[in-house]
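The values are calculated or read from the model by the stated rules, or taken from the named source; none is laboratory data. Computed from a prediction, not measured in an experiment: that's the story for all the values here. Here the Cβ is made from the backbone with ideal geometry for all residues, glycine too, and neighbour counts use every protein chain on show. These accessible areas exclude ligands, DNA and RNA; they are computed on the full protein's heavy atoms, side chains included. Shrake-Rupley method; radii C 1.70, N 1.55, O 1.52, S 1.80 Å.
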Amino acid sequence: MLSDLALAAKGFWGYDQAYIESCRAELTFSPDDVARRYFVVADLDGLVVGFYSVDGEPPVGELGNMWVRPSEIGTGIGRVMWQEAMTAAAAAGFEYLQIGSEPKAEGFYRKMGAERIGQTPSGSIPGRMLPLMRVRVPAAL
């Protein structure tokens, strides 16, 4: 289910089917992936509308995934998930999270307070570079 949601969200950005297929391996999550990583699913009235993962070890980790069901993009679900991810990261002791951003989602991450610090290679497309973002995790309350 998470894999299908991530691929649908990737497709929201207007990529053709060949491109989406090239991303399938990177955006496929096995039960073992979910068991060994920190995933959080956003549920709205029984429908999974998004998910994120926080990966790595403090003090610097990664917002490994943040995907929103295309029908929910622009509704505020992403902002809620972001806030929850920051709270979870703070509680786990992270000071910074890095994000290998979908280029067309860079604006969202900037609005959330992340800054672009460079580029990082795509895990799906050889030679393609993605924006590398970083956000300071707010201190836990």
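Couple of notes before you dig in:
- Correct option for log10 I(q)/I(0) by the Debye sum over Cα atoms at q = 0.14, 0.17, 0.18, 0.22 Å⁻¹ [calculated from the coordinates] among (1) -0.80, -1.02, -1.07, -1.24; (2) -0.64, -0.98, -1.11, -1.67; (3) -0.58, -0.86, -0.97, -1.43: (2)
- Bridge type composition, the chain - antiparallel percent by DSSP, nearest 5: 90 percent
- Candidates per trypsin sites (Lys or Arg not before Pro) in the range 38-141, loop by DSSP, up to 14 other Cβ within 10 Å: R128
- For M81, solvent-accessible area (1.4 Å; no DNA, RNA or ligand), Å²: 10 Å²
- Each Lys and Arg Cβ is given +1 and each Asp and Glu Cβ -1; about its Cα centre, the range 1-53 then shows a dipole of about 140 debye.
- Among L130, L63, L97: highest mean-square fluctuation, GNM of the chain, C-alpha pairs under 10 Å: L130
- A139/R116 FRET efficiency (R0 25 Å; Cβ-Cβ; nearest 0.05): 0.60
- Potential extension, A18-D32 segment - 0.36 nm per residue separation minus Cα distance: 2.3 nm
- Solvent exposure of I117, expressed as accessible area, is near 80 Å², computed with a probe of 1.4 Å over the protein chains only.
- Computed about its Cα centre, the charge dipole of the range 18-141 is approximately 400 debye, with only Lys, Arg, Asp and Glu carrying charge at their Cβ.
- Surface accessible to a 1.4 Å probe, V80 within the full protein complex, Å²: 70 Å²
- Here is how the number arises for the chain: DSSP H runs of 4 or more residues each give -39500 (n - 2.57), the sum is divided by the residue count, and the result at 222 nm is -8500 deg cm²/dmol.
- Where labels lie 7 Å past Cα in the beta-carbon direction, separation of A25 and A88 in nm: 2.7 nm
- Measuring nothing but protein heavy atoms, the accessible surface of the range 87-140 at 1.4 Å probe radius is 50 percent carbon and sulfur.
- Ranking F12, F39 from most to least accessible surface, computed with a 1.4 Å probe over the protein chains only, gives F12, F39.
- Using a simple spin-label model with pseudo-atoms 7 Å out from Cα toward Cβ, D45 and R128 lie 3.4 nm apart.
- For the range 24-132, the solvent-accessible area of protein heavy atoms averages 53 Å² per residue (probe radius 1.4 Å; ligands and nucleic acids excluded).
- Computed about the Cα centre, the dipole magnitude for the range 54-101 is approximately 220 debye when only Lys and Arg (+1) and Asp and Glu (-1) carry charge, each at its Cβ.
- Projected label distance in nm at E106 and R79, using a 7 Å step from Cα toward the beta-carbon: 2.3 nm
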